[in-house]
Structures are given as structure tokens and as C-alpha cells.
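Right, one structure below, let's go through it.
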Amino acid sequence: MTTAIVLGGGISGLAAAHRLGRAGVRVTLLEASPQLGGLGTFFAREGRSVERFYHCVMPTDEHLLPLLEELGLRESIMWKPTTMGMVVEGKRYPFNTAIDLIRFTPLSFLRRIRFGVMSLLLRRLGRGKDLDNIRIGDWLRGLYGDVIWKRMLIPMLGSKFGARFGDVPALYVWQRLGREKNVATRGYPAGGYESIIDGLRASIEATGADVRTEAKVSALSADGAGVRVTLASGEEITADWAVSTLPLPTLRDVADDTLAPKLPTVSLEYQGVVNVLFFLRKRLDGHYWAPVIDSGTEFDGVIEMSELSGQHDGLHLVYVMHYCNRESELFQDTDEAIAQRWTEQLLATYPDRITADDVAEVRVFRAPFVEPIYPLGYSAVQPADEITGTRLLLATTTQVYPEVTSWNSSTGVAGRVVDRLLARDRDRTAGGNRPEKARTEELSA
Ligand SMILES: Cc1cc2nc3c(=O)[nH]c(=O)nc-3n(C[C@H](O)[C@H](O)[C@H](O)COP(=O)(O)OP(=O)(O)OC[C@H]3O[C@@H](n4cnc5c(N)ncnc54)[C@H](O)[C@@H]3O)c2cc1C
């Protein structure tokens, strides 16, 4: 029986293990933390689970929704129309309809018209252009002008990338607008993301797989004959194949001296995130999402999750976030200091809605590797799905581009990578005595 090790138990690892197991491969899944789910993990509060980081499903999630169908969970997605707001210089606006745009005074009247017209035409204007080699800043500034770019587009579309947003290829925005068309409808699983993670675990284990948490990979070697993983505990595990879902910097840290030179050479920086979850006794404005611009806050957006997921024990869940580098001062700050400052800033943003007495609980979460910052022309240097000359394949967020990082795109990449692995495995078993190089060349051809 073919064996495979999956490194990492976020959605990429879970989706890969699920597919491999169903294809008859004996899988060992290794997750460093005590919980499966990666960025989609949750904690228990008052008998219900709550995600650490806000997550929702989109109707356009073409890879995730079929996976949920296989798990019998597609019907559990609660679809709801949601709305968007904007907070500019401390003033709050609804931002959903043409009337909202006409009334949006932070932009002059002519700019409001320009914003509306360009936004309607943007997808069409991008067709046929080499957007992978055009900076977002150059493309959008040309279409919308400097003021709309700075005032609206950076906060609305670029908060994940910080000051680097303008340099990211325009293809990213073009693709994102495609995913978010008809954005008003969003979905959330009735049993929370925990239900998806549990469903995946059960389905993976049903194939005879070994799913292990608190199993941190500390060393990895891979060649044309197989893979060997060493855990932090010292235990060694070997297999025919491995799929790594670890962020590239982590993979480089664990790769041995023979494997390291074969790994992708692209030097990618990652944005992390600081994300604070408030349990509030009162509702804010009722918008699922509101970018916060020039309003004296350290956070860039407010997500009223309860508008989608429902209240929690009578409380409203509100997430606020700022994407930043893991070395930044904010990321390194203490939970207590961030909680205190961001509570004051939230109260100052919604003085007519909440007072300090309405804040029942505050939790601070952070993640170091969330969003790779794609350089111009990234398609040409994007890591390939397999490491040539080895039996190691990659299914990471660096490969989802130009799709947006999400459970959907990770599920898509995991499926593609597993198909590749299975094809190579069929070739191995059919032509086992041919040299590895010849088989790889044949496959590439
Ligand atoms: C604030 C925020 C909001 C988001 N909102 C949405 C949303 O609304 N919808 C959506 O679809 N997506 C959303 N995302 C994006 C989504 O969460 C990610 O794209 C996705 O979870 C990436 O999955 P992954 O498995 O590739 O990585 P991860 O989830 O990061 O999983 C990697 C796993 O590898 C493990 N690991 C690391 N090192 C080791 C090691 N040495 N040994 C073993 N295991 C290791 C980690 O513990 C982790 O569990 C959001 C993300 C954030 C942070």
C-alpha cells in the first residue's frame, strides 16, 4: 500500500489527507499544535465553539463546497445577505447601494461617480492585459486617480498587504473581485468551523489514517526513493511520499542539507495578523464588514460576525484586525496592552452604540504566516507543486495565487497536488525499475 505523510493540519493538510485516504493511500497527518484546523481553529466558550479568526464561506467557493458535500455538510451552511459599512475619519457610512455611494461625502461628487463607474467596468478593463506584470498601484491609480486610490482602494482591498499593496500584481485584485462578485451573500456552517474540521478528521481516520496532533515536524529529508520525517520528540517516520502544507520559511527550517537546495528559491515575505475578538452586549451597526480609514484606530476593519453566525450566549461577536509583519512592534506587543488600547479605540468608533459596560470579554489572537506578499511577475516564479527529484509535494498558500488565500483556494491546491501525487505514484508502480529522472521528465512533458 502506498504511504504518505501530510505535514500540517490546517485546511490544506486536511483536504490533502482526505483525498489521499479516499484514493487508497495510507496517510499519517502531522500537526504541531494540539488542534487541527490551522488558521480556522476555534476555542470553546459556554459550550459553543468560536473561531479565533473570522471566517466565512462564499457562494463562489467552487472547491470547498464540493468537499463539504462529500462530508455531508453542504446543507449546514447558513447563507445570509450581509451588508458593508465604511468608517472614515470617525464617521460611519453604509456602503452597499448606488444611493449609499451618492451620499458618501468623504469623496467629492465627481469622484463618487468615477468610483462607481470604474468599479463596474474594472473586471472588463482587466481582460486581455498582462496583469501579473502590472503593479496594482499603477493600474488602479490610472483608472481611479490618486485620491480614490489612497482614500478608498488601499483600505478596502489592500489591508492584508499593508504599505506593500501597491507593488502586488494587479492580477490579485482582478481575481479577488471575481471571487467577491455578488458579495452580499455569505455563508457560515451551522456547527461552526469546528464541524468541518471534525468532519474531515472523521473521514480521514475512516480510511485508516493516523491523524496526530502535538506532532511537530523538526526535520525532513526527501529524495527520489521516499521521505523521512523527524518529530520534535525524536520519533522518525518514513513514507513513499510527503505533502507539505507548512509556510515556506518553516519548510526551509526543517529541510535537511540535501533537500534545502532543491526547495523553491523565491524569497517571499509573509504578512501576519493581529486579530481581536470582542464579545459585546449590544450590536454595532449590523454590517458584516467595515473598513476603518483615518479614524485613529490601529485596526483597519471591523467584522460583525454575529450578523452571519448568530449571537453567542446572547452576545455579539465582533472581530477587528490589522495585518502586519511578525517582527513588528504591534505583533510583538502583549495581549493585555493590545486588548486595552483596541477596546478604547472600538468604544471611540461606536460611542453611540456601546459603552465599556457592553464589553463582556476581549480575546487577542495572532498568526505569523497568513498572506504571502506576491512580487510582480509572480506567476513565473511561483513554487511548483512538486520538488523535482524527490517525492515531496507542496500544497501551500504560496501556490493559490492568483486566487485569494482562503479555505476554498487551499482546498483547490490540495486537490491538484494530490492528483499529481497519485499520477506519479501510478507511474512509479507501473514502471518501478526505470530511473526516477526519466519518469519525472516524462511527466513534465
Ligand atoms: C484573520 C483571517 C481571516 C480569514 N478569513 C477567511 C475567510 O473568511 N474565508 C476563508 O476561506 N479563509 C479566510 N482566511 C484564510 C484561511 O484561513 C487560510 O487561507 C487557510 O486557513 C490556510 O490554510 P493552510 O492549511 O494552508 O495553512 P494553516 O491554516 O496556517 O495551516 C498550517 C498548519 O501547519 C501547522 N504547522 C506549522 N509548522 C508545523 C510543523 N513544524 N510541524 C507540524 N505542523 C506544523 C500549523 O500549526 C497549522 O495548523 C482568513 C485568515 C485569517 C488569518
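Computed quantities for the displayed model
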read-out: Residue among M78, M86, M118 that alone is buried (at least 18 other Cβ atoms within 10 Å of the Cβ) and under 24 Å from V404 (Cα atoms); value: M86
read-out: Residues located in segment 41-72, provided they are touching a Ser or Thr at 6+ places or on another chain (Cβ under 9 Å), away from the ligand (no atom under 15 Å from the Cβ) and not in a strand (DSSP E or B); value: E70, L71
read-out: Test: D132 is of a type in the set (D, E, K, R), open to solvent by less than 20 Å² (accessible area, probe 1.4 Å), in contact with a helix residue (DSSP H, G or I) (Cβ under 9 Å, 6 or more places away or on another chain) and assigned to a helix (DSSP H, G or I); value: yes
read-out: Those residues of segment 17-40 which are farther than 29 Å from R363 by Cβ and either of a type outside the set (A, V, I, L, M) or near the ligand (Cβ under 9 Å from one of its atoms) (or both), in sequence order; value: H18, R19, G21, R22, G24, R26, T28
read-out: Matching residues, segment 394-431, being among the hydrophobic types (A, V, I, L, M, F, W, C), in contact (Cβ under 8 Å) with a residue 60 or more places away in the chain and not in a helix (DSSP H, G or I); value: L394, A395, V404
read-out: Counted residues, segment 255-286 - those being in a loop (DSSP other than H, G, I, E, B) and within 15 Å of the ligand (Cβ to nearest atom); value: 4
read-out: Residues located in segment 137-165, provided they are at pLDDT below 90 and open to solvent by 10 Å² or more (accessible area, probe 1.4 Å); value: K150, R151, I154, P155, M156, L157, S159, K160, G162, A163, R164
read-out: Residue satisfying all of: in segment 265-290; crowded, with 20+ Cβ neighbours inside 10 Å and either free of Cβ contacts under 8 Å to residues at least 60 places away in the same chain or in contact with a Gly (Cβ under 7 Å, 6 or more places away or on another chain) (or both); nearest to I5 (Cα to Cα) among these; value: Q271
read-out: Inter-residue pairs, beta-carbon under 7 Å, first within 14 Å of Y188 (Cα to Cα) and free of Cβ contacts under 8 Å to residues at least 60 places away in the same chain and in segment 44-58, second within 16 Å of the ligand (Cβ to nearest atom) and open to solvent by less than 30 Å² (accessible area, probe 1.4 Å), 6+ apart; value: none
read-out: Residues that are of a type in the set (S, T, N, Q) and either surrounded by 20 or more Cβ atoms within 10 Å (Cβ to Cβ) or in contact with a helix residue (DSSP H, G or I) (Cβ under 6 Å, 6 or more places away or on another chain) (or both), drawn from segment 230-264; value: S244, T245
read-out: Residue in segment 364-378 that is more than 30 Å from I134 (Cα to Cα), out of contact with any Leu (no Cβ under 6 Å at 6 or more places or on another chain) and of a type in the set (G, A, S) present; value: no
read-out: Contacts under 6 angstrom Cβ, first residue in segment 18-42 being under 22 Å from D419 (Cα atoms), partner near the ligand (Cβ under 6 Å from one of its atoms) and among the aliphatic types (A, V, I, L, M), 6 or more apart; value: L30/L7; L30/V217
read-out: Residue selected from segment 364-393 under the condition part of a strand (DSSP E or B) and β-branched (V, I, T), by the criterion nearest to the chain's Cα centre (by Cα); value: V370
read-out: Among residues of segment 29-55, those that are in contact with a helix residue (DSSP H, G or I) (Cβ under 6 Å, 6 or more places away or on another chain) and over 27 Å from K160 (Cβ atoms), counted; value: 1
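Quick grid of which residues meet (1) touching a His at 6+ places or on another chain (Cβ under 7 Å); (2) without any contact (Cβ under 8 Å) to a residue 40 or more places away in the chain; (3) away from the ligand (no atom under 13 Å from the Cβ); (4) assigned by TED's automatic domain parsing to the domain that holds A290:
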{"residue": "I196", "(1), (2), (3), (4)": "no, no, no, no"}
{"residue": "G199", "(1), (2), (3), (4)": "no, no, yes, no"}
{"residue": "A202", "(1), (2), (3), (4)": "no, yes, yes, no"}
{"residue": "A206", "(1), (2), (3), (4)": "no, no, yes, no"}
{"residue": "V217", "(1), (2), (3), (4)": "no, no, no, no"}
{"residue": "S221", "(1), (2), (3), (4)": "no, yes, yes, no"}
{"residue": "G224", "(1), (2), (3), (4)": "no, no, yes, no"}
{"residue": "V227", "(1), (2), (3), (4)": "no, no, yes, no"}
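The values are calculated or read from the model by the stated rules, or taken from the named source; none is laboratory data. All figures in this text were calculated on a predicted structure; none of them were measured in a lab. Using ideal geometry, Cβ is built from the backbone for each residue, glycine included, and neighbour counts are taken over all protein chains shown. Accessible surface areas use protein heavy atoms only, side chains included; no ligands, DNA or RNA. Shrake-Rupley method; radii C 1.70, N 1.55, O 1.52, S 1.80 Å.
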